[in-house]
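Encoded as structure tokens, the structure appears first; notes follow it.
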Amino acid sequence: MKVEVKQTNDGSNTLFVPELNEHYHSIHGALQEALHVFIKYGLEPTLEKATEPIRLLEIGFGTGLNAILTLQTFLTQNHSVFYDTLEKYPLPENLIKELQFGNFILNPELLDYFHKLHAAPWNETIAITPNFNLQKMHTDLETQTFPDNYYDLIYFDAFAPEKQPHLWTDEIFRKMAGALKPGGFLVSYCAKGIFKRGLKSAGLTVEALPGPPGKREMTRATKTN
């Protein structure tokens, strides 16, 4: 598919897929959305109760934005993370160079880490920093299996349900619920009713939280048992 680099309203870059008429992030601000949804309401509360290395699963590595922001958090943490991320369609090198997230991240060393994330080999666990271990899985969510009760946190960042409905099914939600540890969180920018009902039917406790700029709500689900 053809993919184009676009600037969002907070000055950060995202990608646009004309064939799907879909952006990888919110046009109101890619950086703001990622920080709000995945870091503020996902990673930070997970860190508050962490007593051992965190195991984190991301659905949709995409541009690497969620990964680089998570890595940034762990530069100042005593905890460590094993960050597993799925991506069926890795970006070509020319697009990675165009994204250059370093143009809006204040810490210049993050640009070097950003390139290390993308250069890391697929299907291997690599220590990007002493506290951040990355495994990029070149696969799709439908066929990938996960250990039960394994992840502390899931970033569910797939394209919108109307664009990729096969990733927003009850079967997928049950798979995600099974992979979460008791007490674990799943966070997503999506607040559609069909999504929240599917998470509830999978046995998760669902809460609607304030959304990032341009969105009224987002979703966080918790595995309570």
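The values are calculated or read from the model by the stated rules, or taken from the named source; none is laboratory data. Since the model is a prediction, treat every value here as computed from it, not as a measurement. Cβ placement follows ideal geometry from the backbone for every residue including glycine, while neighbour counts extend to all protein chains displayed. We work out accessible area using only protein heavy atoms, side chains counted, and drop any ligands, DNA or RNA first. Shrake-Rupley method; radii C 1.70, N 1.55, O 1.52, S 1.80 Å.
What the chain shows is 45 Å² of accessible area per residue, with the surface traced by a 1.4 Å probe over protein heavy atoms.
Calculate the FRET efficiency for Met1 and Lys181 from the Cβ-Cβ distance with a Förster distance of 45 Å, rounded to the nearest 0.05. Efficiency, rounded to the nearest 0.05: 0.80. If you bin all the Cα-Cα distances of the range 161-225 at 5 Å, starting from zero, the percentages per bin are 4, 19, 29, 24, 16, 6, 1.
The smallest convex shape that holds all Cα atoms of the range 109-167, its convex hull, gives 133 Å³ per residue. The apolar share of the surface of the range 35-157, taken as the fraction of accessible area on carbon and sulfur atoms (1.4 Å probe, ligands and nucleic acids excluded), comes to 48 percent.
State the percentage of accessible surface on the range 158-225 attributable to carbon and sulfur atoms; use a 1.4 Å probe and exclude ligands, DNA and RNA. Solvent-exposed carbon and sulfur of the range 158-225 make up 52 percent of the total.
Taken along the Cα-to-beta-carbon direction at a fixed 7 Å, the label points for Glu142 and Thr76 span 4.3 nm. Here's the list of lysines a cross-link from Lys2 could span, going by alpha-carbon distance under 18 Å and ignoring same-chain residues fewer than 8 apart: Lys88, Lys97, Lys163. Projected label points at Lys88 and Glu207, each 7 Å from Cα along the beta carbon direction, are separated by 3.2 nanometres.
Loop-located GluC sites (Glu not before Pro) across the range 132-201 with a Cβ neighbour count of 15 or fewer within 10 Å are Glu142, Glu162, with loop assigned by DSSP. For the range 35-86, what D do you get in µm² per second when you plug the Kirkwood radius from alpha-carbon pairs into Stokes-Einstein at 20 °C and 1.002 mPa s? Estimated diffusion coefficient is 191 µm²/s.
Run through all the Cα pairs of the range 1-118 and give the fraction in each 5 Å bin from 0, expressed as whole percent. Spelled out per bin, shortest first, that is 2, 10, 21, 25, 21, 12, 6, 2, 1.
For the chain, the fraction of alpha-carbon pairs lying more than 24 Å apart is 39 percent, rounded to a whole number.
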